[in-house]
Amino acid sequence: MAGLSAMEKKLAEFKCNTNEAIQLKLVRFPEDLEDDSTTFNPEYSHQVFGDDEVAFGYKGLKILLYYNAGNLSTLFRIEYTSKVNENFDCVEADDVENKIRKIIPPGFCTSTDDFVSLLEKEVNFKPFGTLLHTYSVHNEEAGEDITYQIYQADMTCPGFREYHERLQTFLMWFIETASFIDVDDERWNYFLVFEKYNKDGATLFATVGYMTVYNYYVYPDKTRPRVSQMLILPPFQGEGHGAQLFETVHRYYMSSPTVLDITAEDPSENYVKLRDFVLVKLCQDLPCFSPEKLMQGFSQEMVTEAQQKLKINKQHTRRVYEILRLRATDMGDPEQSRGYRLDVKKRLIGPYKNQHTACNSELELCFFPDISGIVLILYPSHQLQGGTARSCCYGGSFIEVFWSQHPSMYRCGVYQHSPCTLHIQLHCGCLLSTSGSLVGLFSTGHCSLHLFSSPSTHA
């Protein structure tokens with residue numbers, strides 16, 4: 001903070017990291033309110049407090065957002081030890097309360113007593129929708145198996161709309177680019193995970209996580225479900241609930257003859273890992289993924305069987321194939337190891353070969369010398385005519401450009417730049433002079449080029 005004035009240093013003390021200031025809880029018992037071990041913090045708060053994730057104007061800021069574990073009835077309260085308005089004239093603190101009110105639905109509590117009284121009503125809360133799957137997870141701390149259930153719901157379920165409004169607020173804290181969905185669109189499906197637990201001899205349910213899926217239309221009579229949001233709340237992460245939810249949802253759509261395949265919207269890295277795990281689990285028992293067939297390479301049979309039986313598209317099937325083939329490959333065997341590496345390499349370079357072929361028929365190349373080297377400009381083929389000579393004056397040098405359709409060359413440009421004439425040929429993504437020296441690298445994927453300023457130094 002060197003160079004700051006005394007006033008700036010004092011004001012800096014009133015800045016609070018909102019990821020630390022926000023305190024979240026899922027409350028089952030009144031004593032949980034004072035138990036710090038049940039508190040968790042957001043991963044993100046930039047969508048509410050800006051990119052710097054800072055609230056100005058407070059010391060010791062605490063933003064309390066406590067939820068009943070089942071119904072998610074909310075307690076919202078702000079606490080702080082000092083406020084900038086109390087110490088400095090004409091300096092205003094951020095309106096933290098108003099920013100939070102924009103994302104949490106009305107009807108929340110501001111009194112701890114009112115919130116505790118709502119805990120007594122949790123016994124009346126039941127999961128929404130239709131039960132799809134029940135499973136158990138062993139809890140070492142409790143020394144017993146805990147039961148979880150997954151339900152499919154929609155907005156016609158009584159009370160679900162209000163419940164979903166409270167549930168979706170967690171997205172703002174744990175998904176980097178989250179946004180609230182249009183719940184009036186009937187093409188949304190909702191999948192919820194609940195934990196069953198006992199309290200005073202009664203069976204209660206606690207919210208664990210959820211997933212939203214949008215059903216896109218595919219001509220002429222199919223749908224393509226796309227996962228939009230998926231969140232397992234932090235107290236339950238690392239216990240396998242994400243895999244259980246993903247597999248249950250996938251099996252739900254597998255049973256529908258109108259579903260073409262299942263995709264995801266802008267998946268995160270963790271989601272991709274989870275998807276790979278579940279899809280490998282589902283595919284490993286298909287005959288086309290037997291070790292013998294895996295060693296023969298990726299086949300259309302794999303694509304067809306995975307799509308028809310498991311609603312998996314070709315891209316995901318390829319990922320599954322590579323994972324299962326790696327498992328079946330003895331990497332200590334040089335021949336098997338080399339075969340696997342070449343198979344992956346073939347997949348990686350395939351798109352670039354296709355782009356190069358497309359460039360050959362769709363683009364014309366125009367070369368202009370510059371005092372610092374060579375510049376390449378790409379034009380669509382309809383803007384240039386092969387074989388037509390062009391000339392212009394650029395940078396004080398006379399330039400003549402023409403095009404050759406000779407079958408032995410992809411495209412050839414010759415330009416004159418005193419005191420010499422340099423011949424350039426585009427070949428397999430590289431720019432070569434007639435002497436064979438490498439003068440540049442060309443990528444059709446982004447219409448980009450890297451050229452060396454001195455061709456003779458890059459043989």
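The values are calculated or read from the model by the stated rules, or taken from the named source; none is laboratory data. Fair warning: this is a prediction, and the values are worked out from it, not measured in the lab. Here the Cβ positions follow ideal geometry from the backbone for every residue, glycine too, while neighbour counts run over all protein chains shown. Remember, those area values only see protein heavy atoms, side chains included, never the ligands or the DNA or RNA. Shrake-Rupley method; radii C 1.70, N 1.55, O 1.52, S 1.80 Å.
Being closer than 26 Å to E43 by Cβ, open to solvent by less than 30 Å² (accessible area, probe 1.4 Å) and touching a Pro at 6+ places or on another chain (Cβ under 8 Å) is true for just one of F170, F191, F174. Which residue is that?
After applying the criteria, what remains is F174.
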Report task. Just one of (1) farther than 21 Å from F29 by Cβ; (2) in contact (Cβ under 8 Å) with a residue 40 or more places away in the chain; (3) of a type outside the set (A, V, I, L, M, F, W, C); (4) not in a loop (DSSP other than H, G, I, E, B) trips up P105, so point out which. Result -> (4)
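Give me the residue from region 303-318 that is in a helix (DSSP H, G or I), without any contact (Cβ under 8 Å) to a residue 60 or more places away in the chain and within 16 Å of K281 (Cβ to Cβ) and, out of that set, nearest to the chain's Cα centre (by Cα). Full working, then the answer.
Step one: filter region 303-318 for residues in a helix (DSSP H, G or I), giving 303-310, 314-318.
Next cut, without any contact (Cβ under 8 Å) to a residue 60 or more places away in the chain only: 303-309, 314-318.
Cutting the leftovers down to within 16 Å of K281 (Cβ to Cβ) gives us 305-306, 309, 316-317.
Numbers: E305: 27, A306: 24, K309: 26, H316: 15, T317: 19 Å.
Per the criteria, the residue is H316.
Here are V213, V183, V137, V218: which of them is in contact with a Pro (Cβ under 6 Å, 6 or more places away or on another chain) and either touching a residue at least 12 places away in the same chain (Cβ under 8 Å) or of a type in the set (D, E, K, R) (or both)? Before the answer, list the steps.
Details: V183 fails: in contact with a Pro (Cβ under 6 Å, 6 or more places away or on another chain); V137 fails: in contact with a Pro (Cβ under 6 Å, 6 or more places away or on another chain); V218 fails: in contact with a Pro (Cβ under 6 Å, 6 or more places away or on another chain).
When all the criteria are applied, what remains is V213.
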Query raised in the report: Has region 15-36 got at least one residue that is over 29 Å from E122 (Cα atoms) and crowded, with 18+ Cβ neighbours inside 10 Å?
Result: yes
Requested in this report: Please tell me if V183 is farther than 24 Å from F125 by Cα and modelled with pLDDT of 95 or more.
Outcome: no
Report summary line: When region 135-167 is checked residue by residue, the ones that are open to solvent by 70 Å² or more (accessible area, probe 1.4 Å) and closer than 23 Å to F246 by Cβ are S136, H138, D145
Query raised in the report: Which one is surrounded by the fewest Cβ atoms within 10 Å (Cβ to Cβ), of the residues in region 73-117 that are of a type in the set (A, V, I, L, M) and more than 18 Å from L33 (Cα to Cα)?
Result: V91
Query raised in the report: Does region 45-63 include one or more residues that are at pLDDT 95 or above and under 25 Å from L192 (Cα atoms)?
Result: yes
Query raised in the report: Is it the case that M254 is at pLDDT 95 or above and over 21 Å from the mean Cα position of the chain (by Cα)?
Result: yes
Query raised in the report: From the set of residues in region 274-285 that are surrounded by fewer than 19 Cβ atoms within 10 Å (Cβ to Cβ) and closer than 10 Å to L324 by Cβ, which is farthest from the chain's Cα centre (by Cα)?
Result: Q284
**Report entry** Single unsatisfied condition, D330 versus (1) under 30 Å from H133 (Cα atoms); (2) open to solvent by 20 Å² or more (accessible area, probe 1.4 Å)
**Finding:** (1)
Query - Those residues of region 203-223 which are surrounded by 18 or more Cβ atoms within 10 Å (Cβ to Cβ) and either within 13 Å of Y135 (Cβ to Cβ) or not β-branched (V, I, T) (or both), in sequence order - result: L204, F205, A206, V208, G209, Y210, M211, Y214, N215
Report task. Would you check if T248 is at pLDDT 95 or above, more than 17 Å from K314 (Cβ to Cβ) and touching a Ser or Thr at 6+ places or on another chain (Cβ under 6 Å)? Result -> no
Query raised in the report: With respect to the numbered conditions (1) surrounded by fewer than 19 Cβ atoms within 10 Å (Cβ to Cβ); (2) modelled with pLDDT of 95 or more, which one is the sole condition not fulfilled by V227?
Result: (1)
Requested in this report: List every residue pair whose Cβ atoms sit under 9 Å apart, with the two residues 6 or more apart in sequence or on different chains, where the first one lies in region 289-301 and is free of Cβ contacts under 8 Å to residues at least 12 places away in the same chain and surrounded by fewer than 12 Cβ atoms within 10 Å (Cβ to Cβ) and the second, anywhere, is assigned to a helix (DSSP H, G or I) and not charged (D, E, K, R).
Outcome: E292/A328
Query raised in the report: Looking at region 253-273, which of the residues that are in a helix (DSSP H, G or I) and in contact (Cβ under 8 Å) with a residue 12 or more places away in the chain is surrounded by the fewest Cβ atoms within 10 Å (Cβ to Cβ)?
Result: M254
Report summary line: Here the qualifying pairs (Cβ atoms under 9 Å; residues six or more apart or on different chains; first in region 8-25 and farther than 21 Å from L65 by Cα; second among the aromatic types (F, W, Y) and crowded, with 20+ Cβ neighbours inside 10 Å) come out as F14/Y58
